[in-house]
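Each remark here refers to the structure printed beneath this line.
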Amino acid sequence: MIFFDILFDGFFAAIAAIGFGAISDPPIRSFKFIALLGAVGHACRFCLMNYFQVDIAVASFVSALIIGFGSLWLGGKIYCPTTVLYIPALLPMIPGKFAYNTVFAQIMFLQNMDQPILKAKYMEMFFSNGMITFTVIFLLAIGATLPMFIFGKKAYSLTRRFFK
Amino acid sequence: MGICLCNKRNGLRFHNKDIRQSMIRNETTLQQAKFIAEYAAHLMGCGIHTSRVIRNTKRIGEALGFDVKISVFQKSIILTILDNESQHTFSEVIEIPALPISFKHNSELSALSWEAVDSHLNFEQINEKYTQIISAPRMNALLLLLLVGLANASFCRLFKGDWLSMLIVFIATIAGFFVRTQLQKRHINHYIIFIVSAFVASLFSSAALFFNTTSGIALATSVLYLIPGVPLINGVIDIVEGHTLTGITRLANALLLIVCLAIGLSFTLILFKGSLI
C-alpha cells in the first residue's frame with residue numbers, strides 16, 4: 001500500500017510538472033525528463049515527510065538537490081540547459097497551500113480586528129504559513145542550483161553538441 | 001619632382017581605397033554588433049538567468065571575432081563590443097523586450113552559441129539559424145489549456161483533495177487560463193490580467209463550497225497555475241550568483257504578480273467568507 005501511495009504521488013507530480021512546464025514552452029524532447037524529475041523529486045519529498053518524519057523545509061531541500069543532480073545528468077543527454085529541466089520539475093513542490101493560507105490569514109486578520117483572540121490566531125497563522133512558503137521556495141531554488149556550482153564547467157556546456 | 005608627385009597621388013589613391021574598405025567592414029561589423037545586442041536582449045527577455053545570458057552572448061561574440069563586455073540591467077543591456085581585427089569598439093544599448101517565457105529559446109539559442117564556436121559558422125548562417133529559432137511556433141493553445149487543467153487538478157490531488165475537488169479545479173483552471181490567454185492577446189496590463197484570471201478561477205472553484213468535498217483545498221489550488229515559478233527561481237539563482245540587481249528585480253516582479261493573484265483570490269474569499277469558516 002505504501003508503495004502505491006508513493007507511486008501515485010509521483011504520477012500526479014509528473015502530470016503537474018508537465019502541465020506547468022508547458023506554459024513556459026520547453027522543447028518537446030525535454031518533456032519525458034521533466035516528468036521523470038518531477039515525479040522522483042516529489043515522491044522523494046513525500047517519503048521523507050511521511051515515513052521519515054523530516055520537516056518540509058529539509059525534505060524540499062533534499063529533493064531539490066536530487067532534481068538538480070538529475071537535471072545535470074539528463075540535460076547532457078538531450079542537450080538542454082539544467083534550468084530547462086529543473087524549473088518545471090520544481091514547480092509541483094512550490095508550497096501552494098501554505099501560500100494560500102498566508103493570504104487567507106491576512107484577509108481574516110483584517111476582518112477580525114476587533115476580536116483579540118481571533119486576531120492573534122490569524123496573526124500567528126499568517127506568519128507561520130508565510131515563513132514556510134518563503135523558506136521552502138528559497139531552499140528549492142538553492143538546492144537545485146547547488147549542483148551547477150559544484151560541476152560548473154560541465155553544467156555550462158550541456159548544450160554543446162558539435163564539439164570535436 | 002614629377003615622379004615624387006606621382007607617388008604621392010598613388011599613395012593617396014591607396015589611402016582612399018583603404019578608407020572605403022574599412023568603412024564597408026565597419027558597416028558589416030556594426031550589423032553584427034547589433035545582432036549580438038539583439039541576441040542578448042532576446043535571451044534576457046524570454047526568462048533566462050543573467051549569468052547564462054552573459055556567457056552565451058560572450059560566446060557568440062567570440063565566434064564572430066569580437067570581445068564582448070556586457071552589463072545587464074532590469075530594463076536594458078549595455079554592450080561594448082571590441083572587434084579583435086580592427087581594434088574598433090562599438091557601443092550598444094538595447095532595451096529588453098517583454099517576451100513570454102520560453103525554455104525552447106533558452107536551450108536552442110544556447111546550443112546555437114556553442115555551435116557557432118565549434119563549427120565556425122559565419123554571420124549569415126548564425127543569423128539565419130537565429131531567425132529560424134525565434135520564429136518557431138509555440139505549443140498548440142488547446143493542448144496547452146488541457147495540460148494546464150490536468151496539471152492543476154493533479155496538484156489538487158497532491159494536497160490531498162478528493163476526486164470531486166479535482167474535477168472542479170480542472171474546470172476552474174481551464175476557465176481561468178482561457179481568460180488569461182484571451183486578455184494577453186489584447187495586450188492588457190499584466191497585473192490586471194493576473195487579478196482577473198485569479199478571480200475567475202477561484203470563482204469557478206468556489207462551486208466546491210456547495211458540495212460535501214475538500215473545498216478549501218479546491219479554492220487554494222485553483223489559482224496556483226498563475227504562480228510565477230520561473231522568475232522566482234531565476235531570481236534566487238541570480239542573487240546567489242552575484243547578479244543581485246537583476247535577481248531582486250525578478251523577485252520584486254514575481255512578488256507583485258503574487259500580490260495580484262492574492263487580490264483576485266481575496267475577492268472570492270470575501271464573497272464566500274460566510275461558508276468558509
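With assigned by TED's automatic domain parsing to the domain that holds B:L261 and surrounded by fewer than 22 Cβ atoms within 10 Å (Cβ to Cβ) as the only criterion, which of B:I233, B:I168, B:I217, B:I188 stands out? Lay out the reasoning, then the answer.
Values: B:I233 fails: surrounded by fewer than 22 Cβ atoms within 10 Å (Cβ to Cβ); B:I168 fails: surrounded by fewer than 22 Cβ atoms within 10 Å (Cβ to Cβ); B:I217 fails: surrounded by fewer than 22 Cβ atoms within 10 Å (Cβ to Cβ).
So the residue among B:I233, B:I168, B:I217, B:I188 that is assigned by TED's automatic domain parsing to the domain that holds B:L261 and surrounded by fewer than 22 Cβ atoms within 10 Å (Cβ to Cβ) is B:I188.
I'd like to check which helices (runs of 4 or more DSSP H) are fully inside segment B:212-277 and have at least 1 residues that are in contact with a Ser or Thr (Cβ under 6 Å, 6 or more places away or on another chain) and not small (G, A, S).
On the way: elements: B:215-222, B:229-240, B:244-271, B:273-276.
Per the criteria, B:215-222, B:229-240, B:244-271.
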Problem set entry | Out of A:G38, A:G21, sole residue that is crowded, with 23+ Cβ neighbours inside 10 Å, in a helix (DSSP H, G or I) and touching a residue at least 60 places away in the same chain (Cβ under 8 Å) | A:G21
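In this structure, is B:V179 over 15 Å from B:F267 (Cα atoms), at pLDDT 90 or above and either more than 14 Å from every other protein chain (Cβ to nearest Cβ) or touching a strand residue (DSSP E or B) at 6+ places or on another chain (Cβ under 9 Å) (or both)?
On the way: over 15 Å from B:F267 (Cα atoms): yes; at pLDDT 90 or above: yes; either more than 14 Å from every other protein chain (Cβ to nearest Cβ) or touching a strand residue (DSSP E or B) at 6+ places or on another chain (Cβ under 9 Å) (or both): yes.
Against the criterion (over 15 Å from B:F267 (Cα atoms), at pLDDT 90 or above and either more than 14 Å from every other protein chain (Cβ to nearest Cβ) or touching a strand residue (DSSP E or B) at 6+ places or on another chain (Cβ under 9 Å) (or both)), B:V179 qualifies.
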Problem set entry | Enumeration of residues in segment B:161-176 that are within 12 Å of chain A (Cβ to nearest Cβ) and aliphatic (A, V, I, L, M) | B:M166, B:V169, B:I174
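Output the helices (runs of 4 or more DSSP H) that fall wholly within segment B:101-194 and possess 2 or more residues being among the β-branched types (V, I, T), without any contact (Cβ under 8 Å) to a residue 40 or more places away in the chain and closer than 24 Å to A:L91 by Cα, or say none.
Values: elements: B:103-118, B:123-134, B:141-158, B:163-185.
It comes to B:163-185.
Name the single residue, out of those in segment B:136-150 being of a type in the set (G, A, S) and modelled with pLDDT under 90, that is surrounded by the most Cβ atoms within 10 Å (Cβ to Cβ). Even if it seems obvious, please write down each step before you answer.
Within segment B:136-150, the subset of a type in the set (G, A, S) is B:136, B:141, B:149.
Then keep just the ones that are modelled with pLDDT under 90; that gives B:136, B:141.
Values: B:A136: 13, B:A141: 11.
In this case the residue turns out to be B:A136.
Hey, can you tell me all the residues within segment A:118-164 that are among the charged types (D, E, K, R) and part of a helix (DSSP H, G or I)? First the steps, then the outcome.
Of segment A:118-164, the ones among the charged types (D, E, K, R) are A:119, A:121, A:124, A:153-154, A:160-161, A:164.
Matches in segment A:118-164: A:K119, A:K121, A:E124, A:K153, A:K154.
Consider B:S86 carefully, then state whether it is loosely packed, with under 15 Cβ neighbours inside 10 Å and modelled with pLDDT of 90 or more. Can you show your working first?
On the way: loosely packed, with under 15 Cβ neighbours inside 10 Å: yes; modelled with pLDDT of 90 or more: no.
In short, no.
Kindly provide the set of residues from segment B:46-78 that are more than 23 Å from B:H120 (Cα to Cα) and either in contact with a strand residue (DSSP E or B) (Cβ under 9 Å, 6 or more places away or on another chain) or buried (at least 22 other Cβ atoms within 10 Å of the Cβ) (or both), ordered by number.
Going through segment B:46-78, the residues more than 23 Å from B:H120 (Cα to Cα) turn out to be B:46-51, B:71-78.
Within segment B:46-78, B:C46, B:G47, B:I48, B:H49, B:T50, B:S71, B:V72, B:K75, B:S76, B:I77, B:I78 qualify.
This table checks each residue for (1) more than 10 Å from every other protein chain (Cβ to nearest Cβ); (2) under 13 Å from the mean Cα position of the chain (by Cα).
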{"site": "A:D55", "(1), (2)": "yes, no"}
{"site": "A:V62", "(1), (2)": "yes, yes"}
{"site": "A:G75", "(1), (2)": "no, no"}
{"site": "A:P88", "(1), (2)": "no, yes"}
{"site": "A:G96", "(1), (2)": "no, yes"}
{"site": "A:V103", "(1), (2)": "no, no"}
{"site": "A:L110", "(1), (2)": "no, no"}
Exercise. Of everything in segment B:161-177 that's more than 20 Å from the chain's Cα centre (by Cα) and aromatic (F, W, Y), which residue is nearest to B:Q32 (Cα to Cα)?
Worked result: B:F170
For this session: Please work out if B:S102 is within 25 Å of B:T28 (Cα to Cα), facing chain A (nearest Cβ under 9 Å), polar (S, T, N, Q) and crowded, with 17+ Cβ neighbours inside 10 Å.
Result: no
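When you scan segment A:117-151, how many residues do you find that are over 22 Å from the mean Cα position of the chain (by Cα) and not charged (D, E, K, R)? Walk me through how you get there before you give the answer.
Within segment A:117-151, the subset over 22 Å from the mean Cα position of the chain (by Cα) is A:117-125.
Next, only the ones that are not charged (D, E, K, R) stay: A:117-118, A:120, A:122-123, A:125.
The total comes to 6.
Taking the stated definitions as given, is B:N10 modelled with pLDDT under 75, touching a His at 6+ places or on another chain (Cβ under 7 Å) and either not β-branched (V, I, T) or not assigned by TED's automatic domain parsing to the domain that holds B:I94 (or both)?
Values: modelled with pLDDT under 75: yes; touching a His at 6+ places or on another chain (Cβ under 7 Å): no; either not β-branched (V, I, T) or not assigned by TED's automatic domain parsing to the domain that holds B:I94 (or both): yes.
So B:N10 does not fit the description; no.
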Seminar exercise, completed: Checked segment B:112-160 for anything at the interface with chain A (Cβ under 9 Å from one of its Cβ atoms), of a type in the set (D, E, K, R) and under 24 Å from the mean Cα position of the chain (by Cα); matches are B:E115, B:R138
Exercise. Looking at B:V72, B:V68, B:V53, which is the one that is within 14 Å of another protein chain (Cβ to nearest Cβ) and either over 26 Å from A:C80 (Cβ atoms) or touching a Leu at 6+ places or on another chain (Cβ under 9 Å) (or both)?
Worked result: B:V53
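The values are calculated or read from the model by the stated rules, or taken from the named source; none is laboratory data. Predicted, not measured: the structure shown is a model, and the values here were computed from it. Virtual Cβ from ideal backbone geometry, glycine too; neighbours counted across all protein chains shown.
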